[in-house]
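Worksheet for the structure shown next.
The values are calculated or read from the model by the stated rules, or taken from the named source; none is laboratory data. Quantities reported herein were computed from a predicted structural model and do not represent experimental measurements. As a convention, Cβ positions derive from the backbone with ideal geometry for all residues, glycine included, and neighbour counts pool all protein chains shown.
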Amino acid sequence: MSNYKWVKESEKYVDLRTEEFRSTSFLSLPLAVLNPLLLNKLSENGIGYDFEGDTVELFAIDREIVTITAPLYEFKLDTGKFELLEESYTNTSIDPTKYEWVEETYLRCVKEVANEQAKIFEEQFMEKSLDDGNSAVIDISSDIFEEPSSFYSLYIPKGYIKVCERNLSYTRITHEIVFIKKVDAKGQTFTIKVPDLYKGLVIGKGGENIKKIAKMINAKRINVI
C-alpha cells in the first residue's frame with residue numbers, strides 16, 4: 001500500500017489518494033459526457049453514480065472497506081503544496097483498487113454503447129432506405145436524448161452524413177433526420193430516393209444544401225427522386 005497517501009481534509013475527515021494525490025473515492029466526470037444510454041450500461045456493469053453540480057461521480061456499487069497505513073499529508077494554501085504530517089497513518093477507506101476498475105469499466109462501456117448504437121443505426125438505415133443504401137430517413141427519439149444532435153454526434157458511424165432534419169411541430173418525442181452514406185462518387189451523378197415530404201429539405205433553398213452534400217461525396221450532382 002506504499003503507493004497511496006492520506007490527505008487531511010478537515011479535523012474529522014481524511015481522503016485516500018494515489019501517489020499523484022488523485023482521489024480514489026470516485027471517478028469524477030463532466031456531466032456532458034454522460035447520457036441515459038451510457039448510464040444504463042454502467043448500471044448493468046456494477047457502477048453507480050451521483051450528480052454533483054455539473055459533474056457526475058462514478059463508483060463501484062460493490063465496494064469494500066479496507067484498512068490502509070500510509071503517509072498523511074495536508075495541503076497548505078500559503079505554499080500551494082502538500083506537506084507531510086505523519087510518516088505512518090492508519091485509517092479505513094473504500095478499496096482503492098475499485099477506482100481503477102471503475103475507470104476501466106467506464107471506458108469499456110463507452111465503446112460498447114457506441115458499437116451497439118452504430119449497429120442499430122446501420123440496420124435501420126438499410127431497412128428504411130429506398131435506394132439500396134444510398135440514403136435513409138432515421139427516427140431519433142427524445143426519450144433517449146433531449147437533442148438529436150447529441151445522439152448523432154456520439155453514435156452515428158463516421159461513414160454517414162446528416163443531410164437535414166425535420167422538426168415535428170406537434171411532438172418533441174421523435175426527430176426525423178435524413179442521412180446519406182458517405183461515398184466517393186468520383187465526379188459522377190449520384191442518385192438518392194427520399195419520400196416527397198423531405199425533398200424540399202434535402203435540396204435546400206436554391207439547391208444550396210444538396211450542392212454542399214454533393215461536394216462532400218465528390219459528386220457532379222445529386223439527383224433527388
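Tabulated results
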read-out	value
Verdict on Thr69 being surrounded by fewer than 15 Cβ atoms within 10 Å (Cβ to Cβ) and in contact (Cβ under 8 Å) with a residue 40 or more places away in the chain	yes
Total residues in the stretch 3-27, condition among the acidic types (Asp, Glu) and surrounded by 13 or more Cβ atoms within 10 Å (Cβ to Cβ)	1
Candidates Ile120, Ile94 - the one that is within 30 Å of Lys181 (Cβ to Cβ) and modelled with pLDDT under 95	Ile120
Members of the stretch 52-79 found to be in contact with a strand residue (DSSP E or B) (Cβ under 8 Å, 6 or more places away or on another chain) and either under 30 Å from Glu116 (Cα atoms) or assigned to a loop (DSSP other than H, G, I, E, B) (or both), listed by number	Glu52, Asp54, Thr55, Val56, Glu57, Leu58, Phe59, Ala60, Ile61, Arg63, Glu64
Selection within the stretch 28-51 - among the hydroxyl-bearing types (Ser, Thr, Tyr), touching a strand residue (DSSP E or B) at 6+ places or on another chain (Cβ under 6 Å) and loosely packed, with under 15 Cβ neighbours inside 10 Å	Ser28
Selection from the stretch 80-129 of residues that are among the charged types (D, E, K, R) and either in contact with an Asp or Glu (Cβ under 9 Å, 6 or more places away or on another chain) or not in a helix (DSSP H, G or I) (or both)	Lys81, Glu83, Glu86, Glu87, Asp95, Lys98, Lys128
Matching residues, the stretch 1-17, being at pLDDT below 90 and under 25 Å from Leu107 (Cα atoms)	Asn3
